[in-house]
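J.: The structure under discussion is supplied below as C-alpha coordinates; questions concerning it will follow.
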Amino acid sequence: MSKPERPRFIPLEYHRPPEYEVRARTRELLQLMRRRRSVRDFSPDPVPTEILTDLICTASQAPSGANRQPWRFVLVTDLTTRRKIREAAEAEEKKSYEERMPEEWLLALEPLGTNWHKEFLDIAPALIVVFRKDWETLADGRKQKGYYVSESAGIACGFLISAIHQAGLVCLTHTPSPMKFLVEILHRPPEEKPFLLIPVGYPAPGARIPDIRRKPLAEILSVV
Ligand code: IYR
(Lines give C-alpha, C1' and ligand atoms only; values in the text may rest on other atoms or scores of the structure.)
Protein backbone atom coordinates (compact mmCIF):
# COMPACT_ATOMS: atom_id res chain seq x y z
CA MET A 1 0.00 0.00 0.00
CA SER A 2 1.34 3.43 -0.91
CA LYS A 3 1.04 6.32 1.55
CA PRO A 4 -2.28 8.21 1.18
CA GLU A 5 -2.01 11.75 -0.22
CA ARG A 6 -2.52 14.63 2.22
CA PRO A 7 -5.89 16.29 1.43
CA ARG A 8 -5.55 19.57 -0.42
CA PHE A 9 -8.37 22.09 -0.44
CA ILE A 10 -9.11 24.98 -2.79
CA PRO A 11 -11.86 27.63 -2.65
CA LEU A 12 -15.26 26.75 -4.15
CA GLU A 13 -16.12 28.96 -7.11
CA TYR A 14 -19.69 29.95 -6.30
CA HIS A 15 -21.94 32.98 -6.61
CA ARG A 16 -25.12 32.74 -4.54
CA PRO A 17 -28.14 33.71 -6.66
CA PRO A 18 -31.08 35.51 -5.03
CA GLU A 19 -33.95 33.22 -4.07
CA TYR A 20 -36.29 34.49 -6.81
CA GLU A 21 -33.67 33.41 -9.33
CA VAL A 22 -33.28 29.98 -7.72
CA ARG A 23 -37.07 29.61 -7.95
CA ALA A 24 -37.17 30.66 -11.61
CA ARG A 25 -34.27 28.41 -12.60
CA THR A 26 -35.82 25.44 -10.78
CA ARG A 27 -39.14 25.93 -12.60
CA GLU A 28 -37.42 26.36 -15.94
CA LEU A 29 -35.47 23.13 -15.55
CA LEU A 30 -38.60 21.29 -14.41
CA GLN A 31 -40.48 22.46 -17.53
CA LEU A 32 -37.57 21.36 -19.70
CA MET A 33 -37.22 17.93 -18.07
CA ARG A 34 -40.97 17.32 -18.25
CA ARG A 35 -40.56 17.25 -22.03
CA ARG A 36 -37.81 14.61 -21.96
CA ARG A 37 -38.91 11.31 -23.45
CA SER A 38 -37.15 8.15 -24.53
CA VAL A 39 -37.24 7.91 -28.30
CA ARG A 40 -36.92 4.83 -30.53
CA ASP A 41 -37.68 6.45 -33.92
CA PHE A 42 -34.42 8.14 -34.93
CA SER A 43 -33.45 10.20 -37.95
CA PRO A 44 -30.18 9.05 -39.54
CA ASP A 45 -29.01 12.70 -39.65
CA PRO A 46 -25.48 12.86 -38.22
CA VAL A 47 -24.53 14.72 -35.05
CA PRO A 48 -21.07 16.35 -35.12
CA THR A 49 -18.51 14.41 -33.09
CA GLU A 50 -17.55 17.52 -31.12
CA ILE A 51 -21.11 17.83 -29.81
CA LEU A 52 -21.13 14.18 -28.75
CA THR A 53 -17.74 14.40 -27.02
CA ASP A 54 -18.88 17.55 -25.17
CA LEU A 55 -22.00 15.67 -23.98
CA ILE A 56 -19.79 12.83 -22.75
CA CYS A 57 -17.52 15.37 -21.04
CA THR A 58 -20.61 16.69 -19.22
CA ALA A 59 -21.46 13.14 -18.11
CA SER A 60 -17.94 12.73 -16.77
CA GLN A 61 -18.47 15.69 -14.39
CA ALA A 62 -20.73 13.43 -12.29
CA PRO A 63 -19.80 12.67 -8.69
CA SER A 64 -18.40 9.19 -8.06
CA GLY A 65 -17.34 7.01 -5.14
CA ALA A 66 -13.93 8.24 -3.89
CA ASN A 67 -13.75 10.24 -7.14
CA ARG A 68 -12.64 7.07 -8.94
CA GLN A 69 -14.75 7.94 -12.01
CA PRO A 70 -15.37 4.24 -12.67
CA TRP A 71 -16.65 4.56 -16.22
CA ARG A 72 -15.64 4.34 -19.85
CA PHE A 73 -17.70 5.84 -22.65
CA VAL A 74 -17.32 4.33 -26.10
CA LEU A 75 -18.67 6.55 -28.87
CA VAL A 76 -19.69 4.49 -31.90
CA THR A 77 -20.50 6.29 -35.15
CA ASP A 78 -18.98 3.83 -37.64
CA LEU A 79 -21.85 2.16 -39.55
CA THR A 80 -20.22 -1.27 -39.79
CA THR A 81 -19.80 -1.38 -36.01
CA ARG A 82 -23.35 -0.14 -35.41
CA ARG A 83 -24.62 -2.91 -37.72
CA LYS A 84 -22.61 -5.51 -35.80
CA ILE A 85 -24.06 -4.21 -32.52
CA ARG A 86 -27.60 -4.28 -33.93
CA GLU A 87 -27.19 -7.84 -35.19
CA ALA A 88 -25.78 -9.11 -31.87
CA ALA A 89 -28.34 -7.21 -29.77
CA GLU A 90 -31.25 -8.49 -31.85
CA ALA A 91 -30.01 -12.08 -31.53
CA GLU A 92 -29.97 -11.75 -27.71
CA GLU A 93 -33.24 -9.82 -27.56
CA LYS A 94 -35.02 -12.37 -29.77
CA LYS A 95 -34.06 -15.09 -27.30
CA SER A 96 -35.11 -12.87 -24.40
CA TYR A 97 -38.52 -11.98 -25.81
CA GLU A 98 -39.23 -15.50 -27.06
CA GLU A 99 -37.70 -17.64 -24.30
CA ARG A 100 -36.15 -15.82 -21.34
CA MET A 101 -38.51 -13.07 -20.20
CA PRO A 102 -41.31 -14.21 -17.89
CA GLU A 103 -44.93 -13.38 -18.80
CA GLU A 104 -45.10 -10.75 -16.05
CA TRP A 105 -42.18 -8.82 -17.61
CA LEU A 106 -43.62 -9.04 -21.14
CA LEU A 107 -46.91 -7.72 -19.75
CA ALA A 108 -45.10 -4.81 -18.05
CA LEU A 109 -43.51 -3.87 -21.39
CA GLU A 110 -46.77 -3.98 -23.36
CA PRO A 111 -47.51 -0.25 -22.95
CA LEU A 112 -44.07 0.50 -24.44
CA GLY A 113 -44.70 -1.60 -27.55
CA THR A 114 -41.14 -2.96 -27.59
CA ASN A 115 -40.04 -6.17 -29.30
CA TRP A 116 -36.74 -7.78 -30.34
CA HIS A 117 -36.32 -5.58 -33.41
CA LYS A 118 -33.78 -2.82 -32.65
CA GLU A 119 -33.63 -0.73 -35.85
CA PHE A 120 -32.52 2.29 -33.85
CA LEU A 121 -29.12 0.66 -33.29
CA ASP A 122 -28.02 1.30 -36.88
CA ILE A 123 -30.36 4.18 -37.75
CA ALA A 124 -29.34 6.51 -34.90
CA PRO A 125 -26.11 8.21 -36.02
CA ALA A 126 -24.30 7.53 -32.74
CA LEU A 127 -24.30 5.01 -29.94
CA ILE A 128 -22.74 5.86 -26.62
CA VAL A 129 -21.88 2.62 -24.87
CA VAL A 130 -21.26 3.15 -21.16
CA PHE A 131 -19.07 0.65 -19.31
CA ARG A 132 -18.69 0.40 -15.53
CA LYS A 133 -15.26 -0.28 -14.11
CA ASP A 134 -15.13 -2.34 -10.94
CA TRP A 135 -11.40 -1.83 -10.94
CA GLU A 136 -8.82 0.09 -12.92
CA THR A 137 -5.27 -0.84 -13.89
CA LEU A 138 -2.92 2.02 -12.96
CA ALA A 139 0.10 3.08 -15.03
CA ASP A 140 2.40 1.06 -12.72
CA GLY A 141 0.29 -2.07 -13.23
CA ARG A 142 -1.40 -2.03 -9.80
CA LYS A 143 -5.15 -2.61 -9.64
CA GLN A 144 -7.28 0.09 -8.00
CA LYS A 145 -10.81 -0.65 -6.82
CA GLY A 146 -13.85 1.46 -7.70
CA TYR A 147 -16.44 2.32 -5.04
CA TYR A 148 -20.22 2.53 -5.48
CA VAL A 149 -19.59 1.72 -9.11
CA SER A 150 -23.20 1.20 -10.23
CA GLU A 151 -24.41 4.30 -8.38
CA SER A 152 -21.58 6.33 -9.94
CA ALA A 153 -22.15 5.03 -13.46
CA GLY A 154 -25.91 5.55 -13.05
CA ILE A 155 -25.44 9.17 -11.99
CA ALA A 156 -23.09 9.81 -14.94
CA CYS A 157 -25.73 8.36 -17.28
CA GLY A 158 -28.31 10.67 -15.69
CA PHE A 159 -26.05 13.63 -16.44
CA LEU A 160 -25.61 12.38 -20.01
CA ILE A 161 -29.32 11.86 -20.67
CA SER A 162 -30.14 15.31 -19.24
CA ALA A 163 -27.39 16.95 -21.32
CA ILE A 164 -28.63 15.22 -24.49
CA HIS A 165 -32.15 16.49 -23.85
CA GLN A 166 -30.98 19.98 -22.97
CA ALA A 167 -29.01 20.08 -26.24
CA GLY A 168 -32.17 19.39 -28.27
CA LEU A 169 -31.22 15.82 -29.15
CA VAL A 170 -33.00 12.61 -28.13
CA CYS A 171 -31.81 9.27 -26.82
CA LEU A 172 -32.88 5.91 -25.49
CA THR A 173 -31.57 4.05 -22.44
CA HIS A 174 -31.24 0.63 -24.00
CA THR A 175 -30.21 -2.48 -22.05
CA PRO A 176 -30.02 -5.46 -24.36
CA SER A 177 -29.54 -8.49 -22.19
CA PRO A 178 -27.02 -10.00 -21.81
CA MET A 179 -24.65 -7.27 -23.03
CA LYS A 180 -21.41 -9.24 -23.21
CA PHE A 181 -21.32 -8.94 -27.02
CA LEU A 182 -20.39 -5.28 -26.54
CA VAL A 183 -17.10 -6.27 -24.86
CA GLU A 184 -16.21 -8.40 -27.89
CA ILE A 185 -17.35 -6.04 -30.65
CA LEU A 186 -15.75 -3.00 -28.99
CA HIS A 187 -12.61 -4.88 -27.82
CA ARG A 188 -12.89 -3.76 -24.19
CA PRO A 189 -10.53 -4.98 -21.45
CA PRO A 190 -11.80 -7.31 -18.68
CA GLU A 191 -12.24 -4.52 -16.11
CA GLU A 192 -14.96 -2.85 -18.20
CA LYS A 193 -18.51 -4.25 -17.89
CA PRO A 194 -21.28 -3.01 -20.20
CA PHE A 195 -23.68 -0.80 -18.24
CA LEU A 196 -25.94 1.02 -20.69
CA LEU A 197 -26.25 1.51 -24.45
CA ILE A 198 -27.48 4.96 -25.44
CA PRO A 199 -28.44 5.68 -29.06
CA VAL A 200 -28.31 9.45 -29.65
CA GLY A 201 -29.53 11.66 -32.47
CA TYR A 202 -32.48 13.63 -33.80
CA PRO A 203 -35.96 12.11 -33.82
CA ALA A 204 -37.31 10.89 -37.18
CA PRO A 205 -39.90 13.26 -38.63
CA GLY A 206 -43.24 12.12 -37.19
CA ALA A 207 -41.54 10.07 -34.45
CA ARG A 208 -44.03 8.55 -32.03
CA ILE A 209 -43.69 7.67 -28.36
CA PRO A 210 -45.79 5.58 -25.97
CA ASP A 211 -48.70 7.41 -24.35
CA ILE A 212 -47.48 6.98 -20.77
CA ARG A 213 -47.28 9.38 -17.83
CA ARG A 214 -44.94 10.07 -14.91
CA LYS A 215 -46.30 9.40 -11.43
CA PRO A 216 -47.62 12.55 -9.74
CA LEU A 217 -45.42 14.01 -7.00
CA ALA A 218 -47.84 12.83 -4.30
CA GLU A 219 -47.09 9.24 -5.25
CA ILE A 220 -43.33 9.52 -5.13
CA LEU A 221 -42.63 12.13 -2.44
CA SER A 222 -42.84 11.90 1.34
CA VAL A 223 -41.90 15.02 3.24
CA VAL A 224 -40.87 14.37 6.82
N1 IYR B 1 -34.12 -5.07 -23.07
C2 IYR B 1 -35.38 -5.26 -23.76
C3 IYR B 1 -36.53 -5.26 -22.85
C4 IYR B 1 -36.87 -4.01 -22.14
C5 IYR B 1 -36.80 -4.00 -20.76
C6 IYR B 1 -37.18 -2.92 -20.06
I7 IYR B 1 -37.17 -3.01 -18.05
C8 IYR B 1 -37.62 -1.75 -20.71
O9 IYR B 1 -38.02 -0.64 -19.99
C10 IYR B 1 -37.70 -1.75 -22.09
C11 IYR B 1 -37.31 -2.90 -22.80
C12 IYR B 1 -35.54 -4.24 -24.89
O13 IYR B 1 -34.75 -3.32 -25.01
O14 IYR B 1 -36.48 -4.39 -25.66
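The values are calculated or read from the model by the stated rules, or taken from the named source; none is laboratory data. These numbers come from a predicted model, not from an experiment. In this analysis, Cβ positions are derived from the backbone assuming ideal geometry, glycine residues included, and neighbour counts consider all displayed protein chains. Areas reflect the complete protein model, heavy atoms only, side chains present, ligands, DNA and RNA absent. Shrake-Rupley method; radii C 1.70, N 1.55, O 1.52, S 1.80 Å.
J.: Using all alpha carbons of the range 166-212, what is the percent of pairwise distances in each 5 Å bin, ordered from the shortest bin to the longest?
T.: In order of increasing distance, the bins hold 4, 16, 20, 19, 14, 13, 10, 3, 1 percent.
J.: Mind putting a number on the dipole of the range 48-114 about its Cα centre? Charges go on the C-beta only, +1 for Lys and Arg and -1 for Asp and Glu, and I need it in Debye to the nearest 20.
T.: Working: 9 positive and 12 negative charges, 81 e Å.
The calculated dipole for the range 48-114 is roughly 400 debye.
J.: Sticking with this structure for a sec: Set the Förster distance to 25 Å, then compute FRET efficiency between Arg208 and Thr49 from the Cβ-Cβ distance, nearest 0.05.
T.: The formula returns an efficiency of 0.30 here.
J.: Would you mind working out the magnitude of the charge dipole of the range 37-203 relative to its Cα centre, with +1 at each Lys and Arg C-beta and -1 at each Asp and Glu C-beta, to the nearest 20 Debye?
T.: Computed charge dipole of the range 37-203: roughly 500 debye.
J.: Report, ordered by chain and residue number, the lysines lying within cross-link reach of Lys94, taken as a straight Cα distance under 25 Å and ignoring same-chain residues fewer than 8 apart.
T.: Lys84, Lys118, Lys180, Lys193
J.: Something else now. May I ask for the percentage of alpha-carbon pairs in the chain that lie more than 25 Å from each other? It would help to have the intermediate numbers written out before the result.
T.: Values: 12738 of 24976 pairs.
Above the 25 Å cut-off, the chain has 51 percent of its Cα pairs.
J.: Of Gln69, Ala139, Val183, which is farthest towards the positive pole of the range 37-203's charge dipole, taken about the Cα centre with +1 and -1 on the beta-carbons of Lys, Arg and Asp, Glu respectively?
T.: Positive-most Cα among the choices belongs to Ala139.
J.: Apply the membrane-span-like helix rule to the chain: whole DSSP H runs, Cα extent along the own long axis of at least 18 Å, mean Kyte-Doolittle hydropathy at least 1.0. List the helices found.
T.: On the way: long enough: 19-34 (22 Å, -0.92); 79-95 (24 Å, -1.58); 149-167 (27 Å, 1.08).
Those that pass (Cα extent of 18 Å or more, hydropathy at least 1.0) are 149-167.
J.: Based only on Cα atoms, what Rg/Rh ratio does the range 95-166 have, Rh being taken as Kirkwood's radius? Display every interim value, and only then the final one.
T.: Working: Rg = 17.6 Å, Rh = 16.0 Å.
With Rg and the Kirkwood Rh in hand, the quotient comes to 1.10.
J.: Phe9 to Lys95: extension gain in nm, 0.36 nm per residue of separation minus the Cα-Cα distance? If you can, show how the numbers build up before the last one.
T.: On the way: separation 86, 0.36 × 86 = 30.96 nm, distance 5.26 nm.
Computed gain between Phe9 and Lys95 is 25.7 nm.
J.: Next question, about the same structure. Under a point spin-label approximation (7 Å from Cα along Cα-to-Cβ), what is the Ala66-Tyr147 distance to one decimal in nm?
T.: About 0.6 nm separates the two model spin labels.
J.: Right, something else. Once you sort the root eigenvalues of the Cα gyration tensor of the range 1-97 as a ≥ b ≥ c, which label holds: rounded (a/c under 1.5), prolate (a/b larger than b/c) or oblate (the other case)?
T.: Numbers: a/c = 2.43, a/b = 1.37, b/c = 1.78.
It comes out oblate by the Cα gyration axes.
J.: Determine the share of the range 37-203's accessible area contributed by carbon and sulfur atoms, expressed in whole percent, with a 1.4 angstrom probe.
T.: Answer for the range 37-203 is 53 percent, counting heavy atoms of protein chains only.
J.: Expected output is a single nm value to one decimal: the length gained when fully extending between Arg25 and His187, i.e. 0.36 nm times separation in residues minus the C-alpha distance. What is it? Don't skip to the answer; put the middle values down first.
T.: Values: separation 162, 0.36 × 162 = 58.32 nm, distance 4.25 nm.
Gain in length upon complete extension: 54.1 nm.
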